[in-house]
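Only one structure is covered here, and it is reproduced in the block below.
The values are calculated or read from the model by the stated rules, or taken from the named source; none is laboratory data. Predicted, not measured: the structure shown is a model, and the values here were computed from it. Don't worry about glycine lacking a Cβ; one is built from the backbone with ideal geometry, like all the others, and counts go over all protein chains shown. Side chains are part of the model used for accessible areas, which takes the heavy atoms of the whole protein and leaves out ligands, DNA and RNA. Shrake-Rupley method; radii C 1.70, N 1.55, O 1.52, S 1.80 Å.
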Amino acid sequence: MLSFHAKFSSFGSSVPKKILNNFDLEKIVDTTDEWIRTRTGMFERHIASETEAASDFAHQAAVNAIESSNVKYKDIELIIVATISGDHPFPSTACIVQKKLGLKNIPAFDVSAGCTGFVYALDVARQYVENGIAKHVLVIGVDILTKITNWKDRNTCVLFGDGSGAAIVSRAEASDISRIIDTKIDADGSQGDLLIQQAGGSRMPASHASVDGNLHTVYMEGNRIFKNAIKSMYASSEELLRRNNLSVSDIDWVIPHQANMRIIEGLADKMRVPMSKVIVNIEKYGNTSSATIPIATDEAIRNKKIRRGDIILLTSFGAGLTWGSILARY
Amino acid sequence: MDIEAKVKQIVMDKLGVEEAQVVPAANFIEDLRADSLDTVELVMAFEDEFGLTIPDEDQERLRTVGQAIDYLKEKLG
């Protein structure tokens with residue numbers, strides 16, 4: 001039973017200062033700027049320093065989101081952090097962010113859905129707001145994948161960057177034009193081995209052998225992921241449009257997960273959306289996993305591309321396998 | 001348009017090669033300079049054009065223009 005509508009109050013983001021570009025990578029692994037550009041569309045990525053961790057950027061992204069809204073710190077009633085590279089296996093990064101924000105007596109938890117994490121967390125936040133349980137939910141996507149990257153594997157180490165993006169999901173008042181129209185998340189666990197961090201959990205705890213074998217790093221079957229990514233983001237996006245009687249021409253902006261320029265172009269082509277309506281910042285950040293969508297959305301709002309009242313479609317794909325889309329009027 | 005002509009057209013469009021290069025023996029990667037993502041994009045274009053699903057394990061069988069044509073003829077025949 002739907003009682004209320006949810007809306008985006010604001011977005012915020014934060015990335016590390018240190019930048020690694022393709023020419024820097026040429027010195028680390030056997031690769032070239034041309035190879036990386038033609039296969040991924042990436043040029044630079046931000047990299048966390050030795051002393052920086054997920055909650056540092058999650059906290060700053062949250063502060064930026066709160067400061068650019070009318071929501072007060074004390075009004076936040078729930079924190080959800082989407083991450084697969086939190087500060088520690090436990091406690092959750094959401095609880096660490098809660099401490100850093102100085103908030104008390106509210107729930108905080110992490111969501112694990114790989115690169116789809118932020119979309120999953122938004123879907124959860126929407127339920128809390130629509131059911132009237134919370135009025136303002138802080139949703140954060142953060143990943144520091146460069147700390148679990150195999151820097152000897154030239155096929156994967158060039159892909160990832162670090163950072164965080166956040167959104168405040170709030171109850172929409174009757175006078176608000178902004179609202180989250182619909183959400184759709186999905187999973188197919190039978191293909192989970194295509195994208196996996198094998199060691200570090202209870203299946204394969206840390207050992208000398210697991211470290212020596214690079215099993216604590218991202219393993220990915222890129223070609224199979226590529227095809228799955230386009231098909232599944234297309235499927236959930238089309239489903240959202242269909243069941244809300246909207247067509248592609250009604251969408252002002254598509255904000256896709258920034259994993260690979262050719263996945264983004266393949267998706268746009270399949271959806272028949274012109275690239276002029278697709279938000280892309282992959283050249284500057286690489287794949288920041290669950291942070292790509294909120295970073296790109298925040299940047300597009302600050303650049304005055306996305307304006308209040310615009311119809312936006314967020315769509316993502318990641319480990320699990322998981323995928324999902326969010327349809328909203330910003 | 002028959003399967004052969006459609007396959008050739010897709011290969012020309014996707015890989016930006018001339019019709020004369022798209023001979024049955026042409027290997028996508030070695031002769032037509034496709035990269036690994038191009039080969040996935042080609043398979044997806046075949047799926048869209050011919051309305052079928054090509055499983056990942058079958059993709060290995062589509063290394064040349066001729067193999068792609070034969071595979072599609074077999075599946076659609």
DSSP H segments from chain A that extend 18 Å or more along their own axis, Cα-based, with Kyte-Doolittle mean of -0.5 or above: A:54-67, A:117-130
Heavy-atom accessible surface of the range A:192-318: percent carbon and sulfur, 1.4 Å: 49 percent
Peptide ranges A:244-254, A:175-185 listed from the most packed, as the mean C-beta count within 10 angstrom indicates: A:175-185, A:244-254
Descending principal axes extents, the protein assembly as shown, alpha-carbon based, whole Å: 69, 55, 38
Stokes-Einstein translational diffusion, the range B:3-76 - Kirkwood Rh over all Cα pairs, 1.002 mPa s, 20 °C, in µm²/s: 179 µm²/s
Separation in nanometres of the label points that stand 7 Å from Cα toward Cβ, at A:ASN244 and A:LYS104: 4.0 nm
Estimated FRET transfer efficiency (B:LYS73, B:GLU18; beta-carbon r; R0 30 Å; 0.05): 0.80
Which of A:ILE264, A:ASN287, A:ILE311, positive extreme of dipole for the range A:188-330 (C-beta unit charges): A:ILE311
Members of A:LYS135/A:LYS270; A:LYS184/A:LYS270; A:LYS270/B:LYS8; A:LYS17/A:LYS231; A:LYS7/A:LYS100; A:LYS18/A:LYS72 lying beyond 28 Å, as alpha-carbon distances in this model show: A:LYS135/A:LYS270; A:LYS17/A:LYS231; A:LYS18/A:LYS72
Computed magnitude of the charge dipole of the protein assembly as shown (debye, nearest 20; Cβ of K, R +1, Cβ of D, E -1): 1660 debye
DSSP bridge orientation in the protein assembly as shown - percent antiparallel, rounded to nearest 5: 75 percent
Residues in the range A:272-303 reached by a label modelled at A:ASP252 [backbone nitrogen below 20 Å; 7 Å Cα→Cβ]: A:273-281, A:293-303
Overall Cα dimensions of the range A:201-272 - principal axes, largest extent first, Å: 55, 24, 19
